[in-house]
Amino acid sequence: MIAGESWAIASVLFVAFLEASAPTAPAAALRPSDLRCEYRVDPRGIDVVRPRLSWTLASDRRGDQQTGYRILASSSPEGLGRDEGDLWDSGKVLSDQTLGIAYAGQPLSSRARVWWKVRVWDRDDRASDWSLPAIWTVGLLHRSDWQAKWIAGPEAATNAAAGGAPNGYQSLPAAMLRNSFRVDRPFKRAIAYSSALGLYELRLNGQRVGEDLLAPEWTSYGHRVQYQAHDVTALLREGENAAAALLGEGWYAGRLMIVGRFAYGTQPRFLLQLEVEFADGTTRTLVSDDSWRCTASGPIRAAGIYDGEAYDARQELPGWDAPGFEASAWRPARSFELDSRQLVWQRNEPIRVVREMAPVKMTEPKRGVYVFDFGQNMVGWCRLHAVGAAGQTVTLRHAEMLNDDGTLYTANLRGALQVDRYTPRLDGEFVFEPHFTYHGFRYVELSGLARPPAEAALVGRVFHSSAAEAGRFECSDATLNQLMRNILWTQRANLMSTPNDCPQRDERFGWMGDVQAFSQTAVFNMDLAAFFSKFAQDIRDDQADDGRFPDYAPHPGDPNRGASGAPAWADAGVIVPWRAYQNYADTRLLAEHFEAARRWVEYVHRNNPDLIWSKGRNNDYNDWLNGDWIKQAGWPGQGGSVPNEVFATAFFAHSTDLVAKMAEALGREEEARRHGELFNQIKAAFNRRFVQPDGHIQGDTQGGYALALSFNLLPEALRPQAAQHLVGNIRRYQNHLSTGIQTTHRAMLELAREHYPDVAWQLLTNRTFPSWLYMADNGATTIWERWDGYVKGRGFQDAGMNSFNHWAFGAVGEWMWRYIAGLNPDERQPGWKHFTVAPYPGGGVTRAKGEYQSVRGRIACDWEIAGPRLILHVVVPPNTTATVRIPTSLPAAVTESGRPARDAQGVRSLLAEDGAAVCEVGSGSYLFEAPFSAGSSPPK
Ligand code: BGC
């Protein structure tokens with residue numbers, strides 16, 4: 001295991017929430033901490049030659065700023081301890097920059113190890129102490145560094161499984177590969193670089209290497225495959241050693257929706273390069289090649305992402321991964337030269353088990369068939385500890401919901417089995433956990449045991465891409481807290497190497513439209529800087545030759561032929577990287593991505609010179625799952641769906657606008673000007689074609705108004721009228737939404753922006769469907785795909801598309817973060833350099849707390865209505881500034897830490913607005929109090 005990465009998970013734990021403000025505490029120098037390299041804690045094996053470094057700052061006083069920094073990087077920890085920067089001494093750099101600082105020391109070669117630390121100067125030019133040291137190591141930078149070959153298991157395994165595996169599984173048995181080698185001298189270090197086309201588990205001397213699951217994860221395998229680097233020094237020994245791997249089909253050779261089996265190749269392959277450094281300074285490299293031996297006759301008889309795993313313990317081969325095992329009956333592995341696909345470092349956080357869940361209930365709806373309820377819809381698998389009978393198969397089936405009779409509801413899994421089977425070798429106790437699959441489930445049905453299980457027989461092992469959780473939200477309304485928890489659980493479930501639509505049915509794709517809508521909510525919940533960098537690469541890899549972005553990434557088919565270029569879905573190729581830039585100020589990502597984004601906009605423009613996007617749309621998913629999809633007597637069958645050309649042209653305009661902004665951020669003035677002009681022209685065409693003088697937009701749909709307002713497509717003067725039409729339409733739907741996954745959160749945000757936060761609050765707190773609290777009231781613990789996924793009395797929606805763990809409608813989390821917690825990034829100062837704190841109390845909520853671990857440190861907003869007063873506590877990290885909007889009936893009477901706010905240290909430009917006082921603050925902790933009456937807050 002990589003020690004540093006366990007710290008990343010530990011860093012999820014936050015320091016105590018909103019400690020008391022200390023405006024008069026003695027001044028102290030700034031303290032740098034949370035050192036990151038390429039957004040990761042102590043990353044190993046990176047392939048970035050000028051990695052970017054960052055840190056966050058803490059300070060006990062207000063208005064603190066970094067005025068300079070000095071970075072030391074050394075090739076040894078001892079050197080760093082002596083303050084020797086033999087690799088890099090940046091010298092004192094006069095700068096307030098704390099992130100995106102590119103290493104500029106001695107050129108780094110493959111396998112380099114770099115220890116580094118930083119000290120900063122505060123606004124009085126006083127130096128901080130040195131930070132704690134951090135490390136990164138460089139992996140294999142060049143193709144010539146790789147001596148290993150891809151190796152595959154027995155060929156027959158492919159054909160046998162293709163002909164049909166037992167019990168409905170349509171997946172391959174896992175291959176087992178092994179080799180042994182001698183280490184004949186004392187060694188000081190051993191690093192394993194490994195990967196697979198498929199999924200692998202690396203083992204050394206009988207031990208599992210690392211904790212990563214489903215490695216090397218999903219990429220556009222034709223273009224690039226990720227490798228993992230593990231320090232295996234502790235597992236190696238002098239004398240005989242054994243290296244071994246389990247190899248599953250995964251996304252590479254397994255079944256994938258639409259494309260079927262073998263999307264990338266028919267047989268998984270494995271790759272290992274184990275580099276041993278001896279005490280005497282010499283080295284030896286052990287590689288996967290045709291001297292390895294393999295078998296497909298081990299215990300994992302089938303293992304597929306959708307299927308689950310069939311494990312027959314009678315076929316276990318004890319000691320197969322340890323020295324001394326007799327493998328002469330195994331076949332020689334077939335080897336293959338490395339080909340044109342790139343081997344790259346895995347830059348996103350690995351998939352890891354992040355928590356365990358215990359069942360809350362066990363029932364026996366049929367004799368001998370037990371149903372466990374985990375109380376939470378989640379993703380991962382179960383560890384089973386039970387008593388079995390030799391040869392008698394135990395079956396675990398997984399589902400999100402139950403039928404009325406207490407049995408599992410599995411119709412919505414479509415072609416995904418989600419079944420694990422374990423066949424014991426002996427009578428008695430056993431422990432089983434699968435390998436190369438994952439399930440979306442709340443309920444597990446267990447059958448085939450020798451005796452009734454204890455409730456503790458199952459432990460839910462929850463895993464996903466282990467990005468650190470960045471946000472914490474809590475308010476006085478328990479159902480809204482449940483909603484935010486549901487959103488977060490849905491995010492956990494769908495962050496599996498790629499940002500997926502769902503975790504349970506035979507789909508689980510990185511549908512671009514879904515993550516595009518959810519992206520800002522996702523960023524509030526988790527630190528996705530590394531994850532989105534990887535995803536942006538996935539998107540670029542699968543861009544069609546003519547510029548179309550794929551509808552899902554990775555795209556396992558051919559994006560030139562289809563499933564690419566859909567309005568709102570393909571546009572994620574512009575919107576998601578822009579979102580990452582907004583929140584993480586990542587200009588390198590923007591620079592790498594710009595050309596791809598520009599080509600996409602150019603594709604749409606080329607096909608539609610009249611600027612109305614009518615041609616080359618390929619797919620019209622439109623405002624997917626809008627009100628017209630609802631199946632309920634009396635519900636209008638029409639009126640929710642935005643006319644296709646209105647919908648598409650709005651996204652064309654928006655992507656063009658963002659490309660202009662990207663160009664501006666990158667200093668590409670000519671392109672910024674050109675795309676800025678094009679945006680204005682599309683906007684004009686949109687208005688000419690679709691907008692009436694009274695602000696009505698063709699189709700008169702809620703979604704249409706939401707898009708036009710959100711993407712700034714209307715003349716200023718028409719905005720209030722369009723907003724009125726939006727509200728009027730909501731009223732016609734009896735104060736309900738008719739919007740789909742692309743416009744729901746945008747409608748909510750625009751209602752608040754156009755001074756109708758009360759309408760947004762009403763929609764948020766509606767308990768009749770379509771609404772979020774309808775889901776919560778009906779027992780949802782994650783966000784449903786459809787507003788009416790289940791309706792009492794009517795039952796389930798169409799099983800062909802009815803996930804209970806889809807994050808798109810959870811994009812309302814962004815509204816909750818912005819308007820309840822009050823935290824808003826500032827588009828003009830990316831990476832939370834400046835932000836706005838502006839809570840809008842409403843909906844009967846009397847207090848709320850939001851805390852967000854930004855790329856520049858901890859931001860917090862905590863408010864409470866206490867009788868006739870509003871108390872607002874705000875934390876602004878050093879080196880940043882904020883605009884604070886304090887809702888109040890009497891702006892002149894606002895105090896901060898007991899004094900008139902205008903006199904408070906760090907508070908500037910206090911202004912009275914309608915129903916609020918607005919001021920600018922520097923860093924620090926502030927405690928505002930203001931007279932508050934219902935009138936100073938939007939009515940419910
Ligand atoms: C997915 C959606 C996705 C859509 C494309 C569905 O099957 O689950 O979330 O965006 O297809 O229309």
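Just so it is clear, none of the values below were taken in a lab; they were calculated from the coordinates. Here the structure is a predicted model, which means the values were calculated and not measured. In this analysis, Cβ positions are derived from the backbone assuming ideal geometry, glycine residues included, and neighbour counts consider all displayed protein chains.
Brief remarks on what is shown
- Kirkwood Rh in Å, taken over all unlike Cα pairs in region 792-940: 16.5
- Helix 587-607 and the longest principal axis of the Cα set of the chain meet at an angle near 80°.
- Using the Stokes-Einstein relation with a Kirkwood hydrodynamic radius computed over Cα pairs, the translational diffusion coefficient of region 774-855 at 4 °C and a viscosity of 1.567 mPa s comes to 85 µm²/s.
- About its Cα centre, the dipole of region 252-389 is roughly 660 debye, where the only charges are +1 on Lys and Arg Cβ and -1 on Asp and Glu Cβ.
- Ratio of the Cα radius of gyration of region 361-422 to 2.2 N^0.38 Å, where N counts its residues: 1.17
- With all pairs of different C-alpha atoms in the average, the Kirkwood value for the hydrodynamic radius of region 306-420 is 18.8 Å.
- Relative pair counts by distance (%), Cα atoms of region 437-502, 10 Å bins: 15, 36, 30, 16, 3
- With one equal scatterer per alpha carbon and no solvent term, the Debye-computed log10 I(q)/I(0) for region 425-576 at 0.09, 0.10, 0.12, 0.15 1/Å reads -0.40, -0.48, -0.65, -0.87.
- Net charge of Cβ neighbours under 13 Å - reference Asp34; Lys, Arg +1; Asp, Glu -1: +4
- Eigenvalues of the alpha-carbon gyration tensor of region 638-689, scaled by 5 and square-rooted, set the equivalent ellipsoid semi-axes at 27, 11, 5 angstrom, largest first.
- Region 533-689 - Rg (one decimal) and Dmax (whole number), Cα, Å: 16.2, 55
- Reach of Lys117 by Cα under 17 Å, taken over aspartates and glutamates that are not fewer than 8 positions away in the same chain: Asp34, Glu38, Asp42, Glu78, Asp83, Glu84, Asp86, Asp89, Asp96, Asp129
- Hull shadow area, averaged, region 19-159 [alpha-carbon convex hull, nm²]: 13.2
- Model label zone, Gln734; criterion: amide N under 16 Å from point 7 Å along Cα-to-beta-carbon; scope region 601-639: 627-628, 630-638
- The convex hull around the C-alpha trace of region 219-326, projected and averaged over every direction, spans 9.1 square nanometres.
- Measure of compaction for region 353-473 (Cα Rg per 2.2 N^0.38 Å): 1.07
- Most positive-pole-ward Cα, Gln170, Ala723, Ala568, against dipole of the chain from beta carbon charges: Gln170
- Modelled FRET efficiency - R0 35 Å, Arg208 with Gln97, Cβ distances, 0.05 increments: 0.30
- For Val354, the amide hydrogen comes within under 5 Å of the amide hydrogens of Val462, Phe463, His464, counting only partners 5 or more places away or on other chains and with H modelled in the peptide plane.
- P(r) tail fraction, region 472-515 - alpha-carbon pairs more than 16 Å apart, %: 45
- The phi torsions of region 193-204, fed into the Karplus equation with coefficients 6.51, -1.76 and 1.60 and a -60° offset, translate into couplings of 9, 9, 6, 7, 9, x, 10, 9, 10, 8, 9, 9 Hz, rounded to whole numbers, with Gly and Pro shown as x.
- Calculated mean residue ellipticity, 222 nm, the chain: -6500 deg cm²/dmol, from DSSP H runs (n ≥ 4) at -39500 (n - 2.57) each, averaged per residue and rounded to 500.
- Coarse-grained scattering of region 549-634 at q = 0.12 Å⁻¹, given as base-10 log I(q)/I(0) from a Debye sum over alpha-carbon atoms: -0.46
- Size descriptor for region 116-232, Kirkwood hydrodynamic radius: 18.8 Å (Cα pairs only, one decimal).
- Here region 252-309 is described by how far its Cα atoms reach on the three principal axes: 54, 25, 20 Å, from widest to narrowest.
- Across all C-alpha atoms in region 575-620, the radius of gyration and Dmax reach 13.3, 36 Å.
- Projected label distance in nm at Arg794 and Asp777, using a 7 Å step from Cα toward the beta-carbon: 1.5
- Packing-based ranking, highest mean first, of 569-580, 528-539, 855-866 given that Cβ atoms within 10 Å are counted: 569-580, 528-539, 855-866
- Simple rule: put +1 on each Lys or Arg Cβ and -1 on each Asp or Glu Cβ in the chain, find the dipole, and look at Val894, Asn805, Thr846; the Cα lying farthest toward the positive end is Asn805.
- Dipole of the chain, positive direction: furthest Cα of Ile697, Phe796, Val353, with charges on the beta-carbon: Phe796
- Model label points for Asp404 and Gln724, set 7 angstrom from Cα along the Cα-to-Cβ axis, are 4.9 nm apart.
- Our Cα-only numbers for the chain put the radius of gyration and Dmax at 28.4, 87 Å.
- Which listed pairs, of Lys361/Lys849; Lys366/Lys631; Lys92/Lys661; Lys534/Lys661; Lys361/Lys534; Lys631/Lys683, have C-alpha distances above 30 Å, in listed order: Lys361/Lys849; Lys366/Lys631; Lys92/Lys661; Lys361/Lys534; Lys631/Lys683
- Its Cα centre serving as origin, the chain has a Cβ charge dipole (Lys and Arg +1, Asp and Glu -1) of approximately 200 debye.
- Computed P(r) (all Cα pairs; region 215-272; 10 Å bins; percent): 18, 43, 23, 14, 3
- Whole-angstrom gap from region 857-882 to region 295-348, using each part's C-alpha centre: 54
- Extents of region 391-450, largest first, come to 35, 28, 17 Å (Cα atoms, principal axes, whole angstrom).
- If you plug the beta carbon distance of Thr846 and Arg50 into 1/(1 + (r/R0)^6) with R0 = 51 Å, you get a FRET efficiency near 0.50.
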